[in-house]
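Working notes for the structure below.
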Amino acid sequence: MTESDLKSLIESFCTNVQSQERMVRQHALKDMLELVHKDLSPEQAPSLFDETYLHILRCYADRFEMVRNLAITLVSELLQKLPPNDFYLSYIIPVVTRRLGQAETIEDSEEIRLQLLEQLEEIVRKYADPDGARGDPLLKSYDNLVDILAKTLRDPFPAAQKQSCELVQLLAQSTPSMHYRAEALVGPASTALKHRHSANRIAAIDALGQLALHIHSNSDCAMRIIVDMSPLLMDSVPFVRRACGRVGCMMLVKLRDRYSLFSRILPLVLNCLTDDTPEVREDILARWKEAGELYYTENETELAKIKLIDKPVPNYPAAEYERPTLACRAIVQRSLAIVNLILHEMEEWKEDIRLHATKLLKLVVLHAERGFSTLFMETNPVLAKTCMDSDREVAAEALRVARLCGILLEYDTWSKHALVEFRKFHTLGHLRCLRAMYESSGLDRLKDLSKIAGLLTDSEICHQKREDYQAALLDFCEVLTVDFNRVFVSNEIEGLANEKDRLKTENQLYTTLLKVAAISYEDSMQIRDRALEILATLNPQPELLHNTHLAGVLATLDNLEAANSDDAESIMLLAGIVFVCGFRPAYHRELCSTLAVALGHAIPQGQIKLFSSISIAMLRWSDSMVGVPGEEQLQLVRAFIEELIAPYLVWAAGRSAESIRAMATACLCSMSQGVDRLTFTTVLPSQIIALVGLIEDNGIPTRAYALRTLLAMGPLGVEHLKPLAYAIMARLDDPSGEVRELAATCLGRLQIAAEGADEAGRWDDVLRQIVPTMFLHLENPELKLRKAILASLEQLLVHHRALIKGLANEVAAGCPYKKDLDEILAHQ
């Protein structure tokens with residue numbers, strides 16, 4: 001294009017662009033834009049700009065959006081062909097500032113604001129001079145650019161705000177003068193951290209990272225940037241978390257005052273190393289290692305000496321964790337002030353904050369290794385509390401931290417404080433934490449096996465009724481039992497095994513396990529069975545443990561002489577011990593004495609609980625008395641009944657007394673089923689008088705238990721049979737169907753012991769009254785009752801055929817039960 005043509009076009013443009021008509025201005029701008037884009041050479045661009053810039057820039061304020069859009073586009077096209085001379089900036093930047101950088105934003109169009117910011121980006125890229133080699137052409141416009149960005153970083157239009165954050169990054173990398181007013185942009189950029197769009201949050205993080213590198217004199221401002229970014233480590237979008245980690249790694253490498261801020265920067269990096277997303281972990285791990293390499297280079301003299309003797313502990317968890325490099329560990333070890341911040345956040349009320357803080361502590365322990373020993377005392381209480389966190393994921397993470405402490409810290413360093421702390425506080429968290437550290441530590445722990453096992457026998461620990469506490473206690477006991485077998489059974493560790501310590505430790509473990517099983521025997525079958533399983537690993541023959549140690553456990557039960565109810569600790573333990581251990585000769589005397597004291601002082605609810613446990617244990621009497629001579633068993637049973645059962649079979653007024661009688665009778669009934677038959681029939685006659693009264697008791701359960709007991713009776717003398725027979729016969733009219741059936745069955749078990757003529761005659765006289773009554777009850781509509789009576793008559797026929805046949809013949813032929821009697825007689 002010739003100069004004359006260009007001049008005429010410029011004159012035409014200047015005239016038209018000042019027209020009052022929008023379409024005229026619009027066409028003028030479009031024509032000029034087409035000219036600049038297609039025909040204008042770079043040599044002609046300066047003269048065109050000089051002639052037209054006033055008219056074009058005036059269009060930035062045109063009231064029509066399309067005109068403003070065309071003017072901005074035209075300037076951008078011109079800038080591409082203009083030389084990189086800061087002369088042009090002095091005209092363009094102030095106009096943009098008036099549109100975007102005022103206290104009240106003049107430009108109301110979101111798209112135009114975005115277009116102006118894109119134009120500024122083009123300007124910054126064109127005039128970039130990061131080293132100042134060209135005299136920093138952006139310096140003259142720097143204040144205006146900062147004013148614009150301070151305003152647009154808060155722009156409600158998401159695209160404009162994102163573009164502003166990107167412009168901050170670009171400006172920081174394009175001028176050496178960024179440090180002059182970098183602080184002024186920190187506040188506006190921080191507002192974008194809470195934007196609902198993840199792309200805006202990422203851009204804001206990157207912008208703040210660049211600003212931090214250019215704040216030379218105010219470390220508090222850099223600290224504010226780190227604090228503002230920290231909540232985004234828990235962002236739901238992985239790329240946002242990765243951006244935080246990248247900025248943290250960049251600060252570790254490039255920040256001027258980075259050594260003093262390591263403790264603040266590290267959370268940005270270490271949190272990303274435990275991120276749920278593999279891409280985030282791998283990206284930040286690579287950058288973290290690069291930061292470590294730089295630190296090693298800067299401190300090579302000191303670290304090279306450490307490297308010569310740097311060896312991992314023997315039981316390092318290499319399968320679970322990759323050991324950090326020496327330099328990375330050194331960075332963390334010099335920044336352990338971070339732990340105080342972590343401990344504070346571990347006690348926050350929000351679950352996600354507690355979780356991330358606990359994960360961060362795990363990374364600190366992993367990097368600090370033995371250097372963490374100095375902080376263990378203040379960490380342990382918070383860590384123990386976190387081990388029983390209501391959020392399972394937080395608690396599981398805390399246990400991983402505890403296991404790392406056990407592995408990486410010297411046993412003597414942590415154990416002294418941890419054991420002292422555990423003596424003071426027996427919480428679930430302290431128990432879990434101590435178990436995790438003990439289990440993961442090395443062989444040095446075995447020297448304290450007896451000491452720790454003794455701690456667990458404390459009544460505040462092994463008498464706990466909470467199921468989660470009991471489960472944690474059993475976890476610990478299982479670990480201790482394995483160590484016990486290593487030391488005293490397998491003899492893996494020389495110099496530790498001796499008989500005295502073996503018995504002591506075995507007694508301590510037995511006491512804890514038995515009490516856990518005992519106190520949970522009713523409420524949690526799972527806990528009880530697991531405790532017994534661990535007890536079996538302590539000794540494959542648990543009865544030997546009972547024989548050796550149970551008497552000592554019974555001696556530790558307190559407050560048995562108090563008026564205990566069924567939920568009293570001592571009653572629950574004693575009832576559970578009876579249920580679990582049963583009765584054996586080795587401790588029978590001690591157990592009966594303890595039961596006698598407890599039954600004598602407990603209130604009815606407590607007595608009922610004990611009798612219930614006794615009745616269950618008595619069903620296993622024969623199993624627990626294998627190999628015991630019959631005479632010895634007879635003495636034990638007789639003494640047991642006389643001391644513990646008989647006193648409570650005596651009638652007393654009141655509902656409570658009735659319940660106690662029922663449970664005592666239930667114990668007698670269980671003995672009839674569990675004790676050897678010969679032994680029981682030998683001792684039963686001494687309780688016949690009591691049983692006669694119990695058969696007539698007001699309580700249906702008592703009557704039923706008494707009759708069930710008599711099912712095991714053998715031959716008796718007439719003096720016992722007679723009152724018993726009349727009492728049983730009376731129960732054929734009992735209101736309870738179960739009692740009636742039991743009474744009918746018991747009548748068939750009545751058998752005279754002596755066959756003397758006088759006693760036999762007396763017994764026949766009794767039968768002559770009983771048998772007709774049995775005949776009459778054959779008219780009862782209950783099938784089960786009739787069947788029981790016929791079965792009893794068949795049994796009586798064995799010894800009294802003539803008597804029963806004579807009585808049956810006296811029955812009239814038309815009676816409904818005549819046919820049944822004839823069938824019985826015909827079969828015999």
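Run the accessible area of the stretch 237-342 with a 1.4 Å probe and give the carbon-and-sulfur part as a rounded percent. Display every interim value, and only then the final one.
Working: 2780 of 5290 Å².
On the stretch 237-342, the fraction of accessible area on carbon and sulfur atoms equals 53 percent.
Quick check on the chain: helices-only [θ] at 222 nm, where DSSP H runs of length 4 and up contribute -39,500 (n - 2.57) each and the sum goes over total residues. Nearest 500, please.
The helix-only estimate for the chain comes to -22000 deg cm²/dmol at 222 nm.
Extension gain K416-K500, at 0.36 nm per residue separation less the Cα-Cα distance, in nm?
Values: separation 84, 0.36 × 84 = 30.24 nm, distance 2.42 nm.
Between K416 and K500, full extension yields 27.8 nm more.
Would you please give the FRET efficiency between E533 and I689, computed as 1/(1 + (r/R0)^6) with r the Cβ-Cβ distance and R0 = 51 Å, to the nearest 0.05?
Using R0 = 51 Å, I get an efficiency of 0.65.
Post the alpha-carbon centroid distance, the stretch 136-174 to the stretch 206-282, in whole angstrom.
The two parts, judged by their Cα centres, are 21 Å apart.
Mind giving me the FRET efficiency for Q541 and A646? R0 is 30 Å, r the Cβ-Cβ distance, nearest 0.05 is fine.
Result of the calculation: an efficiency of 0.30.
Using a basic spin-label model with each label point 7 Å from the Cα along Cα→Cβ, how many nm lie between D458 and H197?
Distance between the two pseudo-spin positions: 5.9 nm.
Apply 1/(1 + (r/R0)^6) to the Cβ-Cβ distance of S219 and A304, taking R0 = 25 Å, and write down the FRET efficiency to the nearest 0.05.
With R0 = 25 Å, the Cβ-Cβ based efficiency is 0.25.
How would F239, F157, F87 rank on accessible area, largest to smallest, probe 1.4 Å?
From most accessible down to least: F239, F87, F157.
Would you work out the charge dipole size for the stretch 332-404 about its Cα centre, treating the Cβ of every Lys and Arg as +1 and the Cβ of every Asp and Glu as -1, and quote it to the nearest 20 debye?
Magnitude of the dipole: close to 320 debye.
Accessible area of the stretch 385-475 with a 1.4 Å probe: how many percent of it is carbon plus sulfur?
That fraction is 46 percent.
At 1.4 Å probe size, with the rest of the protein present, what percent of the exposed accessible area of the stretch 74-167 is carbon and sulfur atoms?
48 percent
Please give the Cα centre distance for the stretch 737-813 versus the stretch 185-202, rounded to the nearest Å.
98 Å
Assign one of three labels to the stretch 135-257, namely rounded, prolate or oblate, based on the Cα gyration tensor with a ≥ b ≥ c the square roots of its eigenvalues; rounded applies when a/c is under 1.5, prolate when it is not and a/b is larger than b/c, and oblate otherwise.
Oblate, since a/c reaches 1.5 and b/c is not below a/b.
Tell me, how many Å apart are the Cα centres for the stretch 464-478 and for the stretch 631-682?
Cα centroid to Cα centroid, the span is 36 Å.
Note down the nm distance, to one decimal, between modelled labels 7 Å out along Cα→Cβ at A318 and at C592.
Spacing of the two 7 Å Cα→Cβ label points: 6.4 nm.
Rank these by accessible area, largest first, 1.4 Å probe: D758, D143, D483, D764.
Details: D758 110, D143 80, D483 0, D764 40 Å².
The most accessible residue leads, giving D758, D143, D764, D483.
Nothing charged except the Cβ atoms of Lys and Arg (+1) and of Asp and Glu (-1): what's the magnitude of the dipole of the stretch 403-523 about its Cα centre? Round to the nearest 20 debye. Could the numbers behind the result be given before it?
On the way: 16 positive and 20 negative charges, 56 e Å.
Its charge dipole is roughly 260 debye.
Which of the pairs K151/K194; K311/K500; K289/K359; K385/K500; K362/K504 have their Cα atoms more than 28 Å apart in this structure?
On the way: K151/K194 17 Å; K311/K500 38 Å; K289/K359 19 Å; K385/K500 36 Å; K362/K504 37 Å.
Going by Cα-Cα distance, K311/K500; K385/K500; K362/K504 fall outside the 28 Å limit.
Where only protein heavy atoms count, and the probe is 1.4 Å, what is the accessible area per residue for the chain in Å²? Walk me through the intermediate numbers first.
Numbers: 36510 Å² over 828 residues.
Accessible surface, normalised per residue, equals 44 Å².
Grab the stretch 1-143 and count how many Lys pairs have their alpha-carbon atoms under 26 Å apart, sequence gap of 8 or more, or different chains.
So the count of such lysine pairs works out to 11.
Towards the positive end of the charge dipole of the stretch 10-68, with charges on Cβ (+1 Lys, Arg; -1 Asp, Glu), say which of H37, N16, F49 has the farthest Cα.
The Cα lying farthest towards the positive end belongs to N16.
Apply the Karplus parameterisation 6.51 cos²θ - 1.76 cosθ + 1.60, with θ equal to phi minus 60°, to every residue of the stretch 187-192 and state each ³J(HN,Hα) to the nearest whole Hz, in sequence, with x for glycine and proline.
After applying 6.51 cos²θ - 1.76 cosθ + 1.60, I find x, x, 5, 5, 5, 6 Hz.
What residues have an amide H closer than 5 Å to that of I752, excluding those fewer than 5 places away on the same chain, when H is modeled at 1.01 Å from N in the peptide plane?
L716
State whether the stretch 1-96 is rounded, prolate or oblate according to the following rule on the C-alpha gyration tensor (a ≥ b ≥ c being the square roots of its eigenvalues): a/c under 1.5 gives rounded; otherwise a/b larger than b/c gives prolate, and the remaining case gives oblate.
Taking the square roots of the gyration eigenvalues as a ≥ b ≥ c, the stretch 1-96 is oblate.
Helix 65-81 against the longest principal axis of the chain: what's the angle in degrees, Cα atoms only, rounded to the nearest 10?
70 degrees
Only Cα pairs under 8 Å and at least 6 apart count here; give the relative contact order of the stretch 506-610 as a rounded whole percent.
Computed value for the stretch 506-610: 31 percent relative contact order.
Among I205, V580, T505, which residue has its Cα furthest toward the positive end of the charge dipole of the chain, with +1 on Lys/Arg Cβ and -1 on Asp/Glu Cβ?
T505
Over the stretch 231-283, calculate the relative contact order: mean separation of alpha carbon pairs under 8 Å at least 6 apart, over the residue count, as a percent.
Rounded, it is 37 percent for the stretch 231-283.
(i) -0.49, -0.88, -1.09, -1.43; (ii) -0.66, -0.85, -0.96, -1.16; (iii) -0.46, -0.78, -0.96, -1.32: which one is log10 I(q)/I(0) by the Debye sum over Cα atoms at q = 0.06, 0.08, 0.09, 0.11 Å⁻¹ as calculated from this entry?
Identified label for the calculated read-out: (ii).
Can you tell me what percent of all Cα-Cα pairs in the stretch 205-258 are more than 19 Å apart?
Cα-Cα pairs of the stretch 205-258 separated by over 19 Å account for 20 percent.
Between E393 and H27, what is 0.36 nm times their sequence separation minus the Cα-Cα distance? Round to one decimal in nm.
Working: separation 366, 0.36 × 366 = 131.76 nm, distance 6.64 nm.
Value of the extension gain: 125.1 nm.
Could you report the accessible area of K787 in Å², rounded to 10, computed with a 1.4 Å probe on the protein chains as they sit in the structure?
The value for K787 is about 150 Å².
How large is the dipole of the stretch 1-116 about the Cα centre if only Lys and Arg carry +1 and Asp and Glu carry -1, each at its Cβ, rounded to the nearest 20 debye?
Numbers: 12 positive and 19 negative charges, 46 e Å.
Rounded to the nearest 20 debye, it is 220 debye.
For the stretch 11-70, which trypsin sites (Lys or Arg not before Pro) are in a loop by DSSP, counting at most 15 other Cβ atoms within 10 Å? Spell out each step's value before the answer.
Values: sites: R22, R25, K30, K38, R58, R63, R68; in loops: R63.
Sparse-neighbourhood loop trypsin sites (Lys or Arg not before Pro): R63.
Please name which of T386, L366, L443 has its Cα lying farthest along the dipole of the stretch 346-455 towards the positive end, using unit charges on Cβ (Lys, Arg +1; Asp, Glu -1) and the Cα centre as origin.
Farthest towards the positive end: L443.
Give the relative contact order (percent, whole number) for the chain; include only Cα pairs under 8 Å separated by 6+ residues.
4 percent.
Take M388, M377, M729, M671 and sort them by solvent-accessible surface of the protein heavy atoms, 1.4 Å probe, largest at the top.
Details: M388 75, M377 125, M729 35, M671 0 Å².
Heavy-atom accessible area, descending, gives M377, M388, M729, M671.
Helix 588-601 sits at what angle to the longest principal axis of the chain, using alpha carbons and giving 0 to 90 degrees rounded to 10?
80 degrees
With a ≥ b ≥ c taken as the square roots of the eigenvalues of the C-alpha gyration tensor of the stretch 625-752, please select rounded if a/c is under 1.5 and otherwise prolate if a/b is larger than b/c or oblate if it is not? Walk me through the numbers before you get to the answer.
Values: a/c = 1.90, a/b = 1.30, b/c = 1.47.
Judged from the Cα gyration tensor, the stretch 625-752 comes out oblate (a/c at least 1.5, b/c at or above a/b).
Suppose the chain between V798 and T427 were pulled fully straight at 0.36 nm per residue; how much longer would it get relative to their current alpha carbon spacing? Write down the numbers at each step before the final one.
Values: separation 371, 0.36 × 371 = 133.56 nm, distance 6.87 nm.
That works out to 126.7 nm of additional length.
Where does helix 630-640 land angle-wise versus the long Cα axis of the chain, in degrees 0 to 90, nearest 10?
Computed tilt is about 70 degrees.
The values are calculated or read from the model by the stated rules, or taken from the named source; none is laboratory data. Because the structure is predicted, anything quoted here is derived from the model rather than measured. So basically every Cβ, Gly included, is an ideal-geometry build from the backbone, and we count neighbours across all protein chains shown. The area values use the complete protein model at the heavy-atom level, side chains included, leaving out ligands, DNA and RNA. Shrake-Rupley method; radii C 1.70, N 1.55, O 1.52, S 1.80 Å.
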